[in-house]
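Report on one structure; see the data block that follows.
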Amino acid sequence: MARYEYGGDEFIFVELSEEMGLEVNFQAMAITEKLKEEELPGIVDICPSNASYMVRFNPDEIHPDVLIAKLQHLEETVSIDDIEISSRIVDVPILFDDPWTNEALMRFRDRHQDPNSTDLEYAAHINGFDSKEELIKAITDSPYLVSMIGFVPGLPWCYQMVPRERQIEVPKYVRPRTYTPERAFGFGGAFAVIYPVEGAGGYQLFGTAAAPIFEKEQRSPDFKDSLTFPRQGDIFRYRSIEMDEYEKIRETVEKGTFRYLTKDITFKPKNVLDDPKGFSEDVLGRLYA
């Protein structure tokens, strides 16, 4: 059962589930999309999350109890079977086991569960893989749903579109690092992320993204309309690359000419939930056709 809470005078927080999954994320998308469509007076902002959402409102225009009643009605009447999600399939090149994140993670082994291994080796071991190469293959074999944007501007929380028993899961560091390189590709819980900027962090580090997901100067064509690239509902395919391709991509980024390989797509959550393997194959086929 969903939990509704007041957040001061201007916010309502709704937790649909304590457990994250594709179905509950689709439900949050469906409810918040319907709320946007209804254009209720007094609604200032709507922010969907992994398994919850928050609504900012003007209490002079709508009473919080009236708003909660409306949200409860949407919870009861909105079905994920009724929505279509318009998004993009995106090829996201990742240099796994790169020298920069390796240098960073080795500085903080005293904060890690296994000081004697790298993050990739540790994650491969606890997920039952015989090698880090097998883990990398499992990460890149299936696409990810960008389930929310947050923590820092543009950071995509990505949930792999596979059955629950195939989810890769890793704990965060015992104590966070004080440094994480810009564009580091990491994993925490069941979520893959790319760190938009340099900063602290506690996710296991597996590699580095060749292209930015945040561009303050907005030089590249993909950032013309926004400082950030990812959008909730995007489908990311993390693709493993070698150093030579990484360096070529970095050259185009520096020149301001880089473009992500993307394809527009419209899909129904039911297609993903009923046949995640078939959906993944279809998505990758479209992206690289």
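The values are calculated or read from the model by the stated rules, or taken from the named source; none is laboratory data. Since we're looking at a predicted model, the values are computed, not measured. Quick reminder, even Gly has a Cβ in these numbers, built from the backbone with ideal geometry, and neighbours come from all protein chains shown. Calculation scope for accessible area: heavy atoms of the full protein, side chains included, ligands and nucleic acids excluded. Shrake-Rupley method; radii C 1.70, N 1.55, O 1.52, S 1.80 Å.
Please go through the stretch 61-80 and give me each residue that is more than 13 Å from residue 34 (Cα to Cα) and touching a residue at least 24 places away in the same chain (Cβ under 8 Å), ordered by number.
Those that are more than 13 Å from residue 34 (Cα to Cα) and touching a residue at least 24 places away in the same chain (Cβ under 8 Å): 64, 67, 68.
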Having 2 or more residues that are over 25 Å from residue 109 (Cα atoms) is the bar; report the strands (runs of 3 or more DSSP E) wholly within the stretch 129-224 that clear it.
144-149, 156-160
What number of residues within the stretch 225-245 satisfy the criterion of being of a type outside the set (Lys, Arg), over 15 Å from the mean Cα position of the chain (by Cα) and part of a strand (DSSP E or B)?
1
Which of the residues belonging to the stretch 1-45 are of a type in the set (Val, Ile, Thr) and closer than 17 Å to residue 85 by Cα?
24, 31, 32
Tell me the residue from 248, 277 that is assigned to a helix (DSSP H, G or I) and more than 21 Å from residue 139 (Cα to Cα), please.
248
Say whether the condition of being aliphatic (A, V, I, L, M) and exposed (fewer than 15 other Cβ atoms within 10 Å of the Cβ) is met by at least one residue in the stretch 206-215.
no
Among (1) open to solvent by less than 10 Å² (accessible area, probe 1.4 Å); (2) in contact with a helix residue (DSSP H, G or I) (Cβ under 6 Å, 6 or more places away or on another chain); (3) among the β-branched types (Val, Ile, Thr), residue 92 falls short only on (2)
Counting only residues that are on the phi > 0 side of the Ramachandran plot and crowded, with 18+ Cβ neighbours inside 10 Å, the stretch 232-289 contains a total of 1
Residues in the stretch 177-215 that are touching a Lys or Arg at 6+ places or on another chain (Cβ under 7 Å) and either farther than 24 Å from residue 227 by Cα or of a type outside the set (Phe, Trp, Tyr) (or both): how many?
10
Looking at 40, 71, can you tell me which residue is open to solvent by less than 30 Å² (accessible area, probe 1.4 Å) and of a type outside the set (S, T, N, Q)?
71
Taking the stretch 111-127 as the search range and keeping residues that are in contact (Cβ under 8 Å) with a residue 12 or more places away in the chain and surrounded by fewer than 18 Cβ atoms within 10 Å (Cβ to Cβ), which one is nearest to the chain's Cα centre (by Cα)?
127
